[in-house]
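Down below is the structure, laid out as structure tokens.
The values are calculated or read from the model by the stated rules, or taken from the named source; none is laboratory data. Here the structure is a predicted model, which means the values were calculated and not measured. So basically every Cβ, Gly included, is an ideal-geometry build from the backbone, and we count neighbours across all protein chains shown. Accessible surface areas use protein heavy atoms only, side chains included; no ligands, DNA or RNA. Shrake-Rupley method; radii C 1.70, N 1.55, O 1.52, S 1.80 Å.
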Amino acid sequence: MQPSKSANAEPAITPELVAQHGLKPDEYERFKRFFNREPTFTELGIVSAMWNEHCSYKSSKVHLKTLPTKGERVVYGPGENAGVVDIGDGMVVAFKMESHNHPSYIEPYQGAATGVGGILRDVFTMGARPIACLNALSFGAPEHPRTKHLIAGVVAGIGGYGNSFGVPTVGGSVRFHPRYNGNCLVNAMAVGIAKRDGIFTSAATGVGKPIVYLGSKTGRDGIHGATMASQEFGEGAEEKRPTVQVGDPFAEKLLLEATLELMASGAVIAIQDMGAAGLTSSSVEMGAKGNLGVELNLENVPCREEGMTAYEMMLSESQERMLMVLKPELEAQAKAIFVKWGLDFAVIGHTTDTKRYVIKLNGETKADMPIKEMGDEAPEYRRPFVETPKRPVIGAADIVPPLSTAEALVKLIGTPDMCSKRWVWQQYDHLIMGNTVQIPGGDAAIVRLDDGPKGLALTCDVTPRYCEADPFEGGKQAVAECWRNLTAVGGLPIALTDNLNFGNPEKPEIMGQFAGCVRGIGEAARALDFPVVSGNVSLYNETNGQAILPTPTIGGVALVDDVARHATIAFKREGDAIVLIGETTGWLGASAYLADICGREEGAPPPVDLGVERRNGDFVRRLIRSGEIDTVHDCSDGGLACALAEMALAGGIGASIAADASPLSEHAFYFGEDQARYVLACPLQKLEGILSAATAAGVPALKLGETGADALTLGTGGPISLEALRNAHESWLPAYMGGTPEEGRS
């Protein structure tokens, strides 16, 4: 697919070449209608980048339009580099999540590193200074020969870029399943803050304004990266290695500081990150959004390699680059800023009133296309889909426990999915900048804003096994769990971003998963007043016809009024009462217990009652914000037993749960994954008041037992020492990666 290094040698357009560029014959014919001639090779490359799934959302737009994107706090919703939400006091938060799945499978370190770099640029292009990163990682079965290699490379890439750039990585998730064997998922989220009146957008204004290239030089890395991200994998995936970009976090740090200084100078009219499809997408979007034309003179593009063609320069995805429309009278001042920071600054074109997209190299026109039609006329598919068949409900009586409750708990919290991920997050700098209040390992991270007292709670969540079993309920649950985790630390959820990872949308069953999940996400976002302000769709996550589990990752942001008054999962005092908030029916379908203890991936997932979610969550948040409680954990994977074990391990204090706490069978009560539940701990003198308040609010509340000693006792079983629990919980990942349990909990 690569052109000759000669600037004048362009191959003839053939059906084979069109197919190599990811365009179907009917799409190419649609594209040709823009011309009264055969397109040039450069034009073919440009449209292949703009019309691929990664950039055009041609299979997903029709469904994404149904999501709630507005709210009283929303300043900018989807369509800009990042969503922007008002957080009061003249400040806003900008945030977004993006995927770098295919690149990370091919080249784990650089794929993950440039995923972090790209999402950071999305945030500071808006004028916001990044304050935190998160990530959600999905890997194949541990026994798969590539899994360990992928984990090592991805984690090192995330840490290497984020740590060097100087922004804390404060939260995330890691999961394993054979369905990710050939296609790992690397979803990166960045969060930044800015003044309300200091936000910049990508729409160009004014005719004859200079278009300026900023940042690092252009090379041949990343060419066709966006197209590659819109294709299934098969044999020979390693051959796509040249499409993976190479990042430089130190150059990005310089770019951040130079860009924010430039914005403060008043010289910027519009600005856009050069991300997927590089110079092509950034320049097209700036012109099209402003109803303007664009003319670029590529001989002025700073290149780090000799003899680059127009095709290569337009499609390169070299990192740490931005495009800007500048006020001409401030050009000298703007250039001086970038020269000071040691970065390239080059005027490479200007805006026009023609609504044409004209690309020239050394005076020769390489492309001349209608700019609006490149976006407006992109294919938009209403792909046929079939809904996922409903699974039967599995009752507790249908499951014969293969292990005792104690044995099952020790095994479950030591599984790859449920074990401690300390080995991962200790490789990330989560304290740099000095504002991290809640580090990884809890329900949600908390980052203080400036000197406080306000802060932001941040998390990202999804349960793919629920989405596989019932996409609609799974989509609802992903949003509800994100909302619940933010609530559990005392945050008021204000908006979300999503990263929708699915298989091949041309398969009706996969499109059915996508449609169902989006419908569930939309319903939950509306019910919880949790609008979708940004996001990303990653399709074609398949290898040799095997799709990943449907994985619609939800990243959430919440306001914390006073970071000194928040909750954590750790038991803090002996003799505290333990209270379960929410109704327990013992739902075991699609549960971690059923999968990892019973070896059965089946059954309908737990239903999500959004009214109950809101009622229970609002009640818990009020208790935290009033100072009544400081210990809370949401009940999710692994049910009540795993929640209690995690609370005990976090605080180093055991607990004893009464044998008559519930009339349900033990495996249903302790491992059921009913939704809208929280576990609280409070001093005994506060218990009666909390139970009375719960009754008044219509919230189910049950005293389970009390904290104390150095063991966890569940019902009729004997005590499980915290040492045994800790060894099981902390050992698996460092041992798997070649370390030791001691290294995992150092």
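Descriptive notes on the structure:
- Complete set of residues in the range 269-301 that are part of a strand (DSSP E or B), at pLDDT 95 or above and open to solvent by 10 Å² or more (accessible area, probe 1.4 Å): ILE269, GLU295, ASN297
- Residues (closer than 17 Å to ARG677 by Cα and either of a type in the set (S, T, N, Q) or surrounded by fewer than 20 Cβ atoms within 10 Å (Cβ to Cβ) (or both)) located in the range 587-609: SER591, PRO607, ASP609
- Taking the range 457-487 as the range and being among the aliphatic types (A, V, I, L, M) and either over 9 Å from VAL608 (Cβ atoms) or touching a Phe, Trp or Tyr at 6+ places or on another chain (Cβ under 6 Å) (or both) as the test, the residues that pass are ALA457, LEU458, VAL462, ALA469, ALA478, LEU486.
- In this structure, LYS335 does satisfy being among the charged types (D, E, K, R) and closer than 23 Å to THR125 by Cβ.
- Residue within the range 670-684 that is touching a helix residue (DSSP H, G or I) at 6+ places or on another chain (Cβ under 7 Å), open to solvent by less than 20 Å² (accessible area, probe 1.4 Å), in a helix (DSSP H, G or I) and among the hydrophobic types (A, V, I, L, M, F, W, C) present: yes
- Considering (1) part of a loop (DSSP other than H, G, I, E, B); (2) closer than 20 Å to GLY638 by Cβ, the lone condition that THR553 does not fulfil carries the number (1).
- Any hit, the range 133-151, residues being among the aliphatic types (A, V, I, L, M), in a helix (DSSP H, G or I), modelled with pLDDT of 95 or more and over 19 Å from VAL75 (Cβ atoms): yes
- For the range 561-594, the set of residues classified as of a type in the set (Phe, Trp, Tyr) and touching a Phe, Trp or Tyr at 6+ places or on another chain (Cβ under 8 Å) consists of TYR593 only.
- Index of the failed condition, ASN52 passing every other in (1) surrounded by 24 or more Cβ atoms within 10 Å (Cβ to Cβ); (2) modelled with pLDDT of 90 or more; (3) not aliphatic (A, V, I, L, M): (2)
- The condition (being in a loop (DSSP other than H, G, I, E, B), modelled with pLDDT of 95 or more, touching a helix residue (DSSP H, G or I) at 6+ places or on another chain (Cβ under 8 Å) and surrounded by fewer than 24 Cβ atoms within 10 Å (Cβ to Cβ)) is satisfied by just one residue among GLY503, GLY512, GLY575: GLY575.
- Comparison of GLY708, GLY638, GLY651 shows that the only residue that is surrounded by fewer than 21 Cβ atoms within 10 Å (Cβ to Cβ) and either of a type in the set (Gly, Ala, Ser) or touching a strand residue (DSSP E or B) at 6+ places or on another chain (Cβ under 7 Å) (or both) is GLY708.
- Selection from the range 167-209 of residues that are assigned to a strand (DSSP E or B), open to solvent by less than 10 Å² (accessible area, probe 1.4 Å) and out of contact with any Cys (no Cβ under 8 Å at 6 or more places or on another chain): LEU185, VAL186, GLY192, ALA194
- Hey, THR551 open to solvent by 20 Å² or more (accessible area, probe 1.4 Å), within 24 Å of CYS133 (Cβ to Cβ), modelled with pLDDT of 95 or more and of a type outside the set (A, V, I, L, M) or not: no
- In the range 619-635, the residues that are in contact (Cβ under 8 Å) with a residue 40 or more places away in the chain, under 30 Å from the mean Cα position of the chain (by Cα) and either open to solvent by 10 Å² or more (accessible area, probe 1.4 Å) or closer than 21 Å to ILE720 by Cα (or both): ARG621, LEU623, ARG625, ASP630, HIS633, CYS635
- Residue check for GLY215: in contact (Cβ under 8 Å) with a residue 24 or more places away in the chain, at positive phi and surrounded by 24 or more Cβ atoms within 10 Å (Cβ to Cβ): yes
- Within the range 1-118, helices (runs of 4 or more DSSP H) holding 3 or more residues that are among the aliphatic types (A, V, I, L, M): 15-20, 41-50
- Verdict on SER99 being touching a Ser or Thr at 6+ places or on another chain (Cβ under 7 Å), over 22 Å from ASP529 (Cα atoms), among the hydroxyl-bearing types (Ser, Thr, Tyr) and open to solvent by less than 30 Å² (accessible area, probe 1.4 Å): yes
- Verdict on GLU730 being outside any helix (DSSP H, G or I), open to solvent by less than 50 Å² (accessible area, probe 1.4 Å) and at pLDDT 95 or above: no
- Residue in the range 313-330 that is in a helix (DSSP H, G or I), touching a Cys at 6+ places or on another chain (Cβ under 9 Å) and buried (at least 22 other Cβ atoms within 10 Å of the Cβ) present: yes
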